[in-house]
Every structure is written in C-alpha cells, then in structure tokens.
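Scroll down for the structure; my scribbles are underneath it.
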Amino acid sequence: MTEGSAIDAPKMPLLAVKSVTKEFWGVRVLDSVSLSLNAGEVLGVIGENGAGKSTLLKIIAGLYKPDAGSIEMDGRAVSITDPSAAEILKIAIIQQETNLIKDLNVFENIFLGRELKRGVVLDKRAMRERAAELLERLKAGVLPTGDIDDLNPVQKRMVEFARALSAAPRVMMMDEPTAVLAPLEINRLFDVIKDMKSKGVGIVYVSHNLREIKEICDFVAVLRDGVLAGVHRACDLDVRGMATLMAGHEPSQTFPRKAKPGEKTIMDVKGLSVGGILDDVSFNLRKGEILGFFGLTGAGRTEVAEALMGLRRRSSGAIAIKDKTVDIGNPNQAIESGLSYLAEDRREKGVILDFGIVHNLTLSSLDDYCSYSFIDQDEEYLKAESYVDELGIRAASLYAKLAFFSGGNQQKVSLAKSLDTAPDVLILDEPTRGIDVNTRRDMYRFIKKLTTQGFSCIFISSQMEEIIGMCNRVVVMRGGRVQAILENDGVNEEDIMFHAAGSGITASESA
C-alpha cells in the first residue's frame with residue numbers, strides 16, 4: 001500500500017521514500033517526493049518524459065545521491081550512498097538501458113560483484129548451474145557461457161533479469177523492463193513478477209506502456225514535472241485515465257490521419273540477403289511513405305535496417321535509391337547515398353551520453369559545419385537550438401550531458417542527429433521506445449510532418465498498434481524472410497499476426 005492510503009489496516013512499509021529532492025544543472029527533477037511500498041505489492045510509477053521516474057529509482061538504488069530527503073526500510077532510516085549499499089539491503093534495479101560488461105560472459109555478468117566461491121576460489125561450476133536455472137526460469141534461450149556480444153537485445157534483457165533475480169532481492173525496481181520484449185516474453189516476465197510478489201518481494205514498476213501498468217500493478221503513482229501528483233489503486237484507473245493524470249489534461253487523438261504517399265519509388269531493394277540471417281528480402285519505398293516492418297522476435301527487422309546501413313555485410317542483393325544502384329559497405333556510404341538510421345539501442349548506437357545536444361547532433365554531419373578545418377560552433381549551436389524547439393527537447397543546457405536526460409529526450413536528440421544529415425530515407429527502429437504516451441503522440445505527428453516535407457520512412461516497431469496507426473503499408477517478416485507486404489484493408493492486426501506467426505493464411509481467407 002502506498003503512502004497516504006487508508007484502504008487496508010496500517011502496516012509497516014517495506015520501503016519508504018520521504019521528501020526526496022534532486023536537481024541537475026539547476027533544474028529540479030524531483031521535488032519533495034514521498035512514496036511507500038509494502039512487501040508483496042507492485043507499485044507502478046508513471047509520468048511523462050522528464051517527470052523524474054528514472055531518477056527516483058536511481059536514488060533508491062544508490063546510483064544518485066538525493067539533495068534532500070531520506071529513505072527507510074522496515075521503518076528504519078537507511079543510508080544508500082552507492083549501489084553496494086543498496087545491494088546489502090537487498091534492493092535490485094533493472095535500468096532502462098542495458099548495462100552488461102561485454103568482456104565477461106553471461107554467468108560472469110549475472111554474478112558480477114557477488115561471485116560464488118568455494119573457499120577463496122571462484123566456484124564457476126556453481127555459478128554456471130545457478131545461472132542456467134535462472135535463465136531457464138525466464139525461458140531466455142541463452143547459454144550461461146555465452147558471449148554478451150553474441151546476444152540480441154531481448155536476450156541481453158533476459159540476462160539482466162537473471163542478474164537481478166540472482167540477488168534474491170526484497171525490493172525489485174524495473175525501469176521500462178519490457179521495452180524490447182515481444183508479448184510472449186512479457187507474459188513470462190509477468191509470471192516471474194507474480195511469483196516474486198507471492199514471496200513477499202516489493203516491486204516498483206516504471207513503464208510508458210499503460211496497459212502493462214494496468215495489468216500488473218496494485219497501485220499507480222503519478223509523477224508530473226518532478227512532483228508526486230497522486231497515488232491511485234490500479235483497479236480504479238483505465239489507460240485513458242492514466243494518460244490524463246500524467247499530462248494534467250485530456251489526451252488528444254493518438255495517431256495523425258495517414259497521408260497518401262506519392263507514386264514515385266524512392267528506394268527499391270531486391271534479394272537482400274545476409275548469410276544465415278536474411279534471405280531474399282525485397283520491397284520498395286515510395287516518396288512520402290511510412291513503410292512499416294513488423295515481425296516477432298528474431299524475424300529480422302533490425303537486421304534489414306543494419307544491412308541497408310552497411311552495418312551488416314550483404315551476401316547478395318541490390319539497393320537502388322532514386323533510380324540509382326548504390327553499393328553500401330559502411331554507414332558513411334549509406335549516409336552519402338541518402339539514408340539515415342535511428343537505431344533501436346540509442347545508448348550503444350544512437351547517442352554518446354557523455355556529450356551534450358550540440359556535439360551529439362553533429363556526430364554524423366560534422367563535415368557540414370566545417371570550413372578550412374575549423375568547426376563553426378555558432379552554426380552548430382543554432383542548429384541544436386532549432387531542433388530543441390521543433391522536437392520539444394527538455395534541456396537545462398545544450399551542453400549538458402545526455403546521461404542526465406530522460407530516455408525520451410535522449411531519443412529525441414538521437415532523432416535530431418539522424419535528421420541532420422538531410423536524408424531521403426529515414427529508417428526508424430523502435431522510435432517510440434522509452435517515450436511516454438503523450439510524447440509518443442507528438443513523435444507520431446512529427447514523423448507524419450516529415451513525410452509531408454518529402455521524407456520517406458521505414459518504420460520498424462514491435463508495437464502492433466503503432467504499426468497499424470502509422471504505416472501506409474506493412475512488410476511482415478518471419479525467420480529472416482518477407483512473408484507478406486500488406487496495404488489498405490490488409491493492414492490489420494489479424495492479417496499481420498497470421499503472417500508473422502507463419503500460418504500462411506490471412507484472416508479474410510480463414511473466414
């Protein structure tokens with residue numbers, strides 16, 4: 001039960017946050033926030049980007065120090081000055097971004113800092129066996145001895161879940177835990193959460209997916225501009241009600257009206273193959289079109305984007321842009337050919353967190369700001385200002401490190417960087433991941449605006465709702481192959497899932 005509720009008999013909370021305040025660069029991110037969490041409860045925390053959700057979790061986990069306020073466990077004040085202090089208190093966190101050590105294998109990452117020993121010697125066999133048990137519990141499909149670099153984003157996420165579970169936490173905090181997961185994997189995670197809940201673990205669950213909040217949480221805390229706007233029973237709220245509480249007003253229509261693309265083909269891809277990953281992928285993209293790519297985990301959507309951008313070596317296939325065949329072997333050649341890419345993993349492939357907006361913006365377009373080997377810093381700054389205004393990026397300073405930005409604002413900076421190369425084709429891979437429902441709506445309208453300005457977009461998403469709401473046509477993939485290209489009335493959930501699941505029959509044909 002959260003603080004201030006009188007629904008059940010009073011009991012000592014497992015965790016209590018009292019009047020916590022935090023500032024970055026003179027901007028108050030949390031303003032005297034107080035919350036409590038009981039054992040065996042799931043507390044959802046929602047709010048728009050920049051509301052302070054991740055900052056709150058990081059303070060509890062010892063990653064940030066509060067400027068004011070206190071934390072209690074079992075009614076006693078505790079000092080959480082660093083992550084090791086949180087670990088001693090049995091507080092675990094799964095952060096929004098992947099935090100695995102590439103130089104260590106899977107089981108070494110799971111037990112990093114908590115290695116099992118036999119005497120003074122590391123007990124690698126025990127760690128492998130325990131890691132295997134945890135990964136099997138999650139149905140992760142990952143070997144304990146596997147290399148981190150060989151894992152896809154979903155598998156990396158599962159390793160992080162296993163790492164958190166291995167600590168046997170009393171408090172588990174999850175920040176956007178399902179961002180890269182497919183529905184089946186989300187269901188598995190929810191089963192684990194329910195099991196933990198039954199064993200008395202208190203869970204703090206941060207997500208922009210309000211349907212998940214409604215399904216898995218007992219209570220919902222709403223943060224708005226760093227202030228606690230209220231705590232509610234999840235059963236008393238619907239998705240629209242939560243969105244309204246987040247924004248402080250009624251939400252508008254989610255998706256803009258689709259614009260009809262032109263007849264001209266801007267890009268034609270034939271027989272694109274990557275050994276063992278993609279097989280004979282063919283499609284075209286029209287000027288002003290939003291072409292969706294959908295598929296279940298492992299279907300090959302991101303791999304198509306990476307092959308187009310020269311991040312994966314093609315074994316065969318041809319790419320033509322504006323009727324000209326191009327040979328793309330690396331990202332620079334892709335950019336020169338008129339392509340730009342918003343990667344699904346912004347931390348590893350999108351932005352540099354130690355840089356500010358200005359220097360991130362020009363990572364791919366720096367030559368455009370150079371004259372006689374000098375960088376026109378004034379022009380850089382003015383361009384950054386224009387993107388901040390156009391995309392509604394919240395920033396105390398254009399030079400503040402992106403590490404202190406919300407996930408949604410980091411994503412907007414990554415999009416600005418992609419646009420600054422002036423591409424003909426913008427490839428968007430999970431563009432709304434980590435973005436709240438109201439900011440997502442703004443992003444949809446911005447993408448629609450880009451198409452009216454002549455951009456053409458490839459829109460990759462695991463969210464069926466936005467694929468249907470945003471895309472003119474949809475390329476459905478399975479096992480590295482194109483199963484169907486749907487348009488008009490064919491862009492519906494039933495037909496998309498029939499092809500994605502490999503039934504070989506559409507909903508209309510099955511009627």
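Beta bridges assigned by DSSP with both partners in the chain are antiparallel in approximately 60 percent of cases. For Arg118 and Arg445, FRET efficiency with R0 = 41 Å and r from the beta-carbon atoms, rounded to 0.05? E between Arg445 and Arg118, to the nearest 0.05, is 0.10. Given a Förster distance of 41 Å, report the FRET efficiency between Asp82 and Arg137 from their Cβ-Cβ distance, rounded to the nearest 0.05. The computed FRET efficiency comes out at 0.90.
Calculate I(q)/I(0) for the stretch 269-372 by the Debye formula, one identical point scatterer on each C-alpha and no solvent, and give its log10 at q = 0.14 Å⁻¹ to two decimals. Results for the stretch 269-372 at q = 0.14 Å⁻¹ read -0.64. A viscosity of 1.002 mPa s and a temperature of 20 °C, combined with the Kirkwood radius over Cα pairs in Stokes-Einstein, give a translational diffusion coefficient for the stretch 348-421 of 177 µm²/s. Evaluated at q = 0.07, 0.09, 0.12 Å⁻¹, a Debye calculation over the C-alpha positions of the chain (equal weights, vacuum) places log10 I(q)/I(0) at -0.40, -0.68, -1.20. A cut-off of 5 Å between modelled amide H atoms, ignoring neighbours fewer than 5 places along the same chain, links Ile94 with Met173, Met174, Asp175. The calculated 222 nm mean residue ellipticity attributable to helices in the chain amounts to -9000 deg cm²/dmol, summing -39500 (n - 2.57) over DSSP H runs of n ≥ 4 and dividing by all residues.
Only lysines eight or more places from Lys270 in sequence, or on another chain, were considered; those with a Cα closer than 29 Å are Lys258, Lys260, Lys287, Lys322, Lys324, Lys349, Lys417, Lys448, Lys449. Note on the chain: with charges restricted to the Cβ of Lys and Arg (+1) and Asp and Glu (-1), its dipole about the Cα centre is near 860 debye. Which percent of the Cα-Cα distances in the stretch 161-221 go past 19 Å? For the stretch 161-221, the fraction of Cα-Cα distances above 19 Å is 23 percent. Hydrodynamic radius of the stretch 165-273 by the Kirkwood approach over all distinct alpha-carbon pairs: 17.2 Å.
Extension gain, Arg211 to Asn187, is 7.4 nm, computed as 0.36 nm per intervening residue step minus the present C-alpha separation.
Modelled label positions at Thr254 and Leu63, each set 7 Å beyond Cα in the direction of Cβ, lie 2.8 nm from each other. Stretching Thr452 away from Asp367 to a fully extended chain increases their span by 27.9 nm, per 0.36 nm per residue minus the current alpha-carbon distance. Extension gain for the segment Val27 to Ile101, taken as residue separation times 0.36 nm less the Cα-Cα distance, is 23.5 nm to one decimal.
Looking at the stretch 366-500, the pairs of alpha carbons with a distance over 23 Å make up 44% of the total. Of all lysines in the structure, those lying under 22 Å Cα to Cα from Lys53, and not within fewer than 8 positions of it along the same chain, are Lys18, Lys22, Lys65, Lys90, Lys197, Lys214, Lys401, Lys412.
Specify which residue in the list His499, Leu30, Val120 is farthest towards the positive end of the charge dipole of the chain, using unit charges on the beta carbon of Lys, Arg (+1) and Asp, Glu (-1), about the Cα centre. Sorting the options by dipole projection puts first Val120. In the chain, taking the dipole from charged Cβ atoms about the Cα centre, the farthest positive-side position among Leu228, Leu415, Ser461 is held by Leu228.
Laboratory data are not the source of any read-out in this text; all were calculated from the coordinates shown. What you see is a predicted model, and the numbers here were worked out from it, not measured in a lab. No Cβ is skipped: glycine too gets one built from the backbone with ideal geometry, and neighbour counts run over all protein chains shown.
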